[in-house]
Amino acid sequence: MMIYTVTAHTGKQLLAGTTNLIYIQLRGTEAESEEQNLKHLQGFRQGSERAFKIDCKASLGELVSVEIYSKPFMGLLHNQWFCDKILIKTPEGDEILFPCYSWLESNERLVLRPAKASLVFQDINPIAQRQRTRQLEEQQKLFRWRVYAEGTPQVIDYDTPLALPAEVRFSFTKETEFNFNAGKQLAALKLTGLADSRRSWESLSQLEVILCGKKVKTIEYIQEHWDEDEFFGYQFLNGLNPMMIQRCSKLPKNFPVTDDMVKDSLRGSSLKQEMKKGNIFLSDYKMLDGLVGNVVNGRQQYLTAPLVLLYSNPHGMMLPIAIQLKQKPSKENPIFLPTDSKADWKLAKIFVRNAEFGVHEVDFHLLRTHLLAEVFTVATLRSLPPLHPLYKLLFPHIRYTLQINIMARNRLISKDGVINVYAGVGGESLAKFLKRATTSLTYSALCLPDNISERGLENVPHYYYRDDGMKLWNIINKFVAAFLSHYYQCDAHVQKDTELQRWISEIFTNGFLGRDGSGIPSSLQTVTELVKFVTMVIFTASAQHAALNNGQFEFGSWMPNFPSALRKPPPKEKGQTTEDSILETLPDVSTTVNIMAVLRLLTQDCADQYPLGHFPENLHDEEVPCKLIEEFQKDLRELSDLIEERNKNLELPYTYLNPKNVDNSVAI
């Protein structure tokens, strides 16, 4: 007799254990075992490891797969089992890992493959080939594309999180904690009577009462400095959206700023001279042009499409020197300057910050991280079997993305969602803006080195997003290059991998809508191309999302710094603005506190989250990938130390790209 030792590992999450009867069958290249009941007196408890002996008349040959089956005890007690992995010791003494990390429902079967990764053309065993094909067919039935809105990336074809396959849903711990936090935020607003109040704020000091008890260094700093030019300029580099600003070598024709207007700001120099030195920068919100503001709490809101001219002065400070609130210059569209009245200049900056809310939340946050991460997730689940090396590499970076995006569609951007109810960019303009943003999306904009170069920001001082982001991009790129080169040893391997080519084709077709002008490849021909694209995928789902998401409450809780809607149109002339008219323009109480509650929820830490470089699933048993993961983790730790050391000397530390604060995936 040949004896195979089977060790079944039950997950540690709540309710992972089962009272069901678990059956197993081993399949090899020479034979297969009989289906055997894994009987154990203590059952399969949460976090347990149970060992069993399986007797076979002869060797099964090389193990190809393991099939597990769950049957209700006495046909009555139905419950799930979360199996982490199956470890098998063969009669020859080899140990073979079969990762699972899935829920097994009653009367359901799962086929597990060995942890050793393989490309489709390397899987030459007929049994393995058939199982690989069958598994992909099942995945394609489970994970289907759907058009969400014409002209925008397609999404997963499920309406509710509970309808998703169990293995891609939130864990019990995360779901419970998320729903509790959401309920707590809403209950607090209702109890204070602020959630439904349509009155204006009588003074900004009233906002301090809401923030009482939330003593966070960044929030306190913003509360004190929000209307200062230095901080206004700082946010273009290191705020919630460090993606808009670009070097300006020639003024746009529709932004007629003269030397006379900015002579005080430039200390006697001229725009031409400072442009030549590379010190003039532009932030142009033309994507918002022509969009009509939403109706919030029964009142019309107003959107603008500002142009902001900035100057990097000799002290390394980025300062605003001119603001035009609409795209078309006219007498009723004045260019506001720091030399104008304090109230005029403050209101102009508030309109810019409102435009920033719309561009940040819809284009850079929703589209460029959440929706793209969903595209990468669905394409991975549809095109790559679990034993594909790219599937194993990307698996930590697709965790929970489908569920959080379905929740966002249901709670944030649905007809009665928070953005549509409380944001000026909501309503009919939301879909129009999202379509515009999708049309303008390019591959180079998603690749940080290319993006920084295109915007001419290589040498701007105190640009911590760039500094930390480039280091993080390089660390990810180094890891991805070494990992993929282990499996794709020449360009021909990339070209022959039909599963990989289907993956990139689905991303190009369903995510970027087949637009050649996007620069997204529709096929991959070289290892170099593959490495760059996968680096972008991982960076987008982890680092870029962290940079754009994690500071939302810190930068947005002081409402004047990040107003979601404005109730009065932009001024048509200077000298008419007062502190009272500013309060009348800012969001009402209800809008303020409901947006604050959402920003708070979207940035809260969760017990079930995994920082970049953490691999909770044991998907690898080969020496090379395991060693590369250790090196990757070491590089990330060293970067964390560097960032923390630098931040000791900063009045306002930049923490969002510290690897400790970067989640593996878009999971919140």
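The values are calculated or read from the model by the stated rules, or taken from the named source; none is laboratory data. Note that the structure is a prediction, hence the values are computed from the model and not measured. We place every Cβ from the backbone using ideal geometry, glycine too, and count neighbours over all the protein chains shown. Note: accessible area is taken over every heavy atom of the protein model, side chains too, but ligands, DNA and RNA are not part of it. Shrake-Rupley method; radii C 1.70, N 1.55, O 1.52, S 1.80 Å.
Structural remarks
- The one condition in (1) β-branched (Val, Ile, Thr); (2) more than 30 Å from Asn510 (Cα to Cα); (3) at pLDDT 85 or above that Val120 fails to fulfil: (2)
- Residues of region 597-617 satisfying the condition of being modelled with pLDDT of 90 or more and in a loop (DSSP other than H, G, I, E, B): Tyr610, Leu612, Gly613, His614, Phe615
- Among the residues listed as Ser440, Ser444, Ser429, the single one being polar (S, T, N, Q) and over 29 Å from Gly293 (Cα atoms): Ser444
- Leu524 being under 17 Å from Leu394 (Cβ atoms) and outside any helix (DSSP H, G or I): yes
- Lone unmet requirement of (1) closer than 23 Å to Thr339 by Cβ; (2) open to solvent by 20 Å² or more (accessible area, probe 1.4 Å) for Leu266: (2)
- Filter result for the condition that a residue is of a type in the set (Phe, Trp, Tyr), over 27 Å from Leu393 (Cβ atoms) and not assigned by the TED database to the domain that holds Leu484, over Tyr101, Tyr69: Tyr69
- Flag for Arg368 being modelled with pLDDT of 95 or more, within 22 Å of Leu612 (Cβ to Cβ) and among the basic types (Lys, Arg): yes
- The residues in region 215-259 that are in a helix (DSSP H, G or I), surrounded by fewer than 22 Cβ atoms within 10 Å (Cβ to Cβ) and among the hydrophobic types (A, V, I, L, M, F, W, C) can be counted, and the count is 3.
- For region 644-668, a residue qualifies if it is within 29 Å of Ile404 (Cα to Cα) and over 17 Å from the mean Cα position of the chain (by Cα), and the qualifying residues are Pro653, Tyr654.
- If you filter region 1-18 down to residues that are over 19 Å from Gln80 (Cα atoms) and not aliphatic (A, V, I, L, M), you find that the one that is least open to solvent (accessible area, probe 1.4 Å) is Tyr4.
- Put simply, of Lys53, Lys12, Lys85 the only residue that is in a loop (DSSP other than H, G, I, E, B) and of a type in the set (Lys, Arg) is Lys12.
- Enumeration of residues in region 121-161 that are more than 21 Å from Cys83 (Cβ to Cβ), open to solvent by 40 Å² or more (accessible area, probe 1.4 Å) and part of a helix (DSSP H, G or I): Phe121, Gln122, Pro126, Ile127, Gln129, Arg130, Thr133, Glu137, Gln140, Lys141
- Count of region 380-403 residues which are surrounded by 24 or more Cβ atoms within 10 Å (Cβ to Cβ) and either touching a Gly at 6+ places or on another chain (Cβ under 7 Å) or part of a loop (DSSP other than H, G, I, E, B) (or both): 6
- Restricting attention to region 557-590 and to residues that are at pLDDT 95 or above, part of a helix (DSSP H, G or I) and hydroxyl-bearing (Ser, Thr, Tyr), the residue that is least open to solvent (accessible area, probe 1.4 Å) turns out to be Thr585.
- Residue in region 332-353 that is under 30 Å from Val480 (Cβ atoms) and open to solvent by 20 Å² or more (accessible area, probe 1.4 Å) present: no
- Filtering region 31-64 to residues that are of a type in the set (Asp, Glu) and more than 44 Å from the chain's Cα centre (by Cα) leaves Glu34, Asp55.
- Pair list, Cβ < 9 Å and 6+ apart or interchain, from region 591-606 residues that are under 16 Å from Val216 (Cα atoms) and free of Cβ contacts under 8 Å to residues at least 60 places away in the same chain to residues that are among the aromatic types (Phe, Trp, Tyr) and part of a helix (DSSP H, G or I): Leu599/Phe553; Leu599/Phe555
- Any hit, region 86-98, residues being within 34 Å of the chain's Cα centre (by Cα), outside the structural domain of Phe615 (by the TED database) and closer than 22 Å to Arg382 by Cα: yes
- Region 92-110 - residue that is open to solvent by 50 Å² or more (accessible area, probe 1.4 Å) and out of contact with any Phe, Trp or Tyr (no Cβ under 6 Å at 6 or more places or on another chain) and, of those, farthest from Met1 (Cα to Cα): Glu105
- Among the residues of region 19-42, those identified as open to solvent by 10 Å² or more (accessible area, probe 1.4 Å) and among the β-branched types (Val, Ile, Thr) are Thr19, Thr29.
- Region 417-444, subset of a type in the set (Val, Ile, Thr) and part of a helix (DSSP H, G or I), residue surrounded by the fewest Cβ atoms within 10 Å (Cβ to Cβ): Thr439
- Listed conditions (1) in a strand (DSSP E or B); (2) modelled with pLDDT under 95 are all met by Asn79, apart from (1).
- Filter result for Arg368 (in contact (Cβ under 8 Å) with a residue 24 or more places away in the chain, open to solvent by 20 Å² or more (accessible area, probe 1.4 Å), part of a helix (DSSP H, G or I) and farther than 30 Å from Arg113 by Cβ): yes
- If you go through region 186-213 and keep only what is of a type outside the set (Val, Ile, Thr), surrounded by fewer than 17 Cβ atoms within 10 Å (Cβ to Cβ) and either in a helix (DSSP H, G or I) or modelled with pLDDT under 60 (or both), you end up with Leu186, Ala187, Ala188, Lys190, Leu191, Ser205, Gln206, Glu208, Gly213.
- Of the residues making up region 485-503, those that are in a helix (DSSP H, G or I) and surrounded by fewer than 20 Cβ atoms within 10 Å (Cβ to Cβ) are Ser485, His486, Asp491, Ala492, His493, Gln495, Lys496, Thr498, Glu499, Gln501, Arg502.
- Selection status of Arg50, out of contact with any Phe, Trp or Tyr (no Cβ under 6 Å at 6 or more places or on another chain), open to solvent by 90 Å² or more (accessible area, probe 1.4 Å) and assigned by the TED database to the domain that holds Leu104: no
- Residue check, Arg45 under 29 Å from Gln129 (Cβ atoms) and open to solvent by 10 Å² or more (accessible area, probe 1.4 Å): no
- Scanning region 455-484 for residues that are part of a helix (DSSP H, G or I), open to solvent by 10 Å² or more (accessible area, probe 1.4 Å) and in contact (Cβ under 8 Å) with a residue 60 or more places away in the chain yields a count of 8.
- Total residues in region 630-668, condition open to solvent by 20 Å² or more (accessible area, probe 1.4 Å) and under 22 Å from Leu394 (Cα atoms): 10
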